[in-house]
Amino acid sequence: MTLTLIISILLAGAAGLGLGKFIFAVKAGREKEEAEKEAKRILFEAESKAEAFRKEKELQAKERFIQLKSEHEAEVQRKNQSIQSREQGLTTKEQQHKQKEQTLNQKLEQASRKENELDQRKQQLDRLSQNLEQQEQELSKAHMRTVQALEKVAGLSAEQARQQLMESLMDEARSRASASIKDLVDEAKLNAHKQAKKVVIETIQRSATEHSIENSISVFQIKNDEIKGQIIGREGRNIRALEAATGVEFLVDDTPEAIILSCFDPLRREIARLALHRLVSDGRIHPARIEEVVTKTKKQIEDEIVEIGERTCIDLGIHGLHADLVRLVGKMRYRSSYGQNLLQHSREVANLCATMASELGLNPKLAKRAGLLHDIGKVPDDQPELPHALLGMQLAEKCKEHPVICNAIGAHHDEIEMTDPISAIVQACDAISGSRPGARREVVEGYIKRLKELENMAQSFKGVEKAFAIQAGRELRVVVEADKISDDQSELMSVELSQRIQNEMQYPGQIKVTVIREKRAVAYAK
């Protein structure tokens with residue numbers, strides 16, 4: 001039974017194995033056919049794509065060939081055109097050259113003809129000059145014979161006769177001139193003396209004068225002496241910052257409830273006074289705040305200067321003045337001439353000129369305008385090496401003032417010639433205003449001039465930012481730019497500046513030269 005079962009199993013296994021092989025062979029044949037079909041399909045697609053790609057490349061190659069051919073033809077055509085244009089240009093130049101050659105030949109022929117004509121004329125002139133020389137010699141001989149004959153008859157030489165004739169004519173002319181001059185002088189004395197007295201007296205009576213003299217100090221009143229310590233600051237840093245920013249010397253002494261501001265320049269002194277007033281009122285006094293307040297005060301003073309100029313023009317009835325001249329008129333308030341306030345002096349001269357012009361029958365408005373502007377050349381800070389009269393005339397001409405006014409400004413110190421009677425009136429009124437008792441002080445003007453020369457000399461050095469003459473000119477403080485001047489250079493500058501002051505200026509005592517170099521690094525945290 002067991003053997004039969006084993007045999008059956010073996011037979012079944014062999015049958016299954018044979019059937020499996022058959023099924024596998026059938027399946028393998030089908031897969032092979034499908035693989036061959038797929039391979040044929042892929043090969044066909046590849047051949048189709050290759051054929052399409054080949055045709056596309058052939059088409060692109062043909063298009064590129066056509067494009068290159070057209071570009072080549074265009075280049076050949078362009079070169080042909082360029083060659084043709086060059087040939088035409090050469091032909092044109094050759095024609096022009098021929099024309100120029102013909103023209104030059106014609107000019108040469110004309111020049112040769114003119115040269116021949118000139119030679120002929122020169123020969124004619126030579127002949128004429130020879131004839132003239134002969135005639136002059138004959139005339140000279142005839143004149144000599146005539147003179148000799150007259151000398152024999154008169155018993156005098158020609159020179160003696162000429163001298164006697166000149167003396168007689170001069171005596172007669174002198175006698176006639178002296179008689180005419182005497183008559184004119186007598187008549188002028190009778191009329192002019194009386195008329196001049198009348199004009200001057202009436203002018204002085206009708207003009208109001210203000211007898212004010214500017215000094216060189218200002219007194220700043222404070223409530224208590226504790227404020228002095230705030231103004232001085234720790235180790236004097238606040239007062240040093242004030243002096244460096246304003247150029248004014250602050251004198252804090254035992255004077256109760258007062259600080260003295262000393263400076264020759266009234267404008268600087270006024271800026272320092274207003275800035276100190278703001279600082280004391282605010283209570284915050286430190287170097288950064290001081291610089292900020294001084295800057296704002298300078299801007300305020302500039303606005304006030306324009307306002308003063310406009311108010312002065314309105315008070316005097318002067319209209320249409322240029323804005324630059326209005327500003328300079330306002331700035332006169334802070335300038336002085338020999339101790340006399342320049343604005344008051346100019347107003348005084350303007351009123352005097354208007355009155356005199358009215359008395360003499362001239363234009364009073366033009367005279368008043370000229371009187372107000374006659375010292376305008378003293379105001380600019382950057383004063384060139386020109387007299388103030390000529391500088392003022394240039395400023396007036398630049399602002400298109402009337403020629404009569406420009407001449408009056410330039411001629412009031414006789415730098416130029418007067419061309420109008422108003423110029424003489426301005427000169428006379430300037431002398432009247434300046435020569436009245438108490439008007440001017442020569443010593444103050446010389447002192448101010450010396451201090452300005454000190455500051456200008458310091459500012460002429462390279463790298464100087466600011467320069468201030470303080471302590472009545474006994475000290476010169478020079479602030480230099482730290483980026484341009486080193487410590488060693490600042491020491492050398494102090495020596496050179498002191499030697500130059502010693503060689504070029506005259507001054508009493510000694511002058512201390514202090515060069516200050518300060519480096520500041522500023523950054524902002526945001």
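Just a few scattered comments:
- Each peptide in 367-380, 272-285 gets a packing score, the mean of other Cβ atoms within 10 Å over its residues, and the list from highest to lowest is 367-380, 272-285.
- Peptides 87-97, 490-500 ranked from most to least packed, by the mean per-residue count of other Cβ atoms within 10 Å: 490-500, 87-97.
- The lysines within cross-link reach of K40, meaning a Cα-to-Cα straight distance under 21 Å and a gap of 8 or more places when in the same chain, are K27, K32, K49.
- Potential lengthening between R86 and Q459 on full extension [0.36 nm per residue; Cα-Cα distance subtracted]: 127.5 nm
- Distance (nanometres) between label positions extended 7 Å along Cα→Cβ at L267 and E481: 2.2
- Efficiency of FRET from Cβ geometry, K449 and V495, R₀ 30 Å, rounded to 0.05: 0.75
- Label-to-label distance, nm, for residues given as L132 and E307 (7 Å Cα→Cβ offset): 8.1
- Take the Cα of K79, step 7 Å toward its Cβ, do the same at E117, and the gap between the two points is 5.8 nm.
- Protein accessible area in the stretch 1-144, 1.4 Å probe - carbon and sulfur %: 58
- In a fully extended conformation the segment linking L68 and E34 would gain 7.2 nm over its present Cα-Cα distance, using 0.36 nm per residue.
- Links that overshoot a 29 Å alpha carbon limit, given the list K484/K512; K228/K298; K223/K519: K223/K519
- Full-extension gain in nm, H286 to L360, via 0.36 nm per residue minus C-alpha separation: 20.5 nm
- The protection proxy used here, the mean number of other Cβ atoms lying within 10 Å of each residue, ranks peptides 424-430, 72-78, 295-301 as follows, highest first: 424-430, 295-301, 72-78.
- Set of lysines near K378 by C-alpha distance (under 17 Å), chain-local residues within fewer than 8 positions excluded: K331, K398, K449, K452
The values are calculated or read from the model by the stated rules, or taken from the named source; none is laboratory data. Quick caveat: nothing in here was measured; it's all calculated off a predicted structure. Quick reminder, even Gly has a Cβ in these numbers, built from the backbone with ideal geometry, and neighbours come from all protein chains shown. Just so you know, the surface numbers come from the protein's heavy atoms only, side chains and all, with ligands and any DNA or RNA stripped out. Shrake-Rupley method; radii C 1.70, N 1.55, O 1.52, S 1.80 Å.
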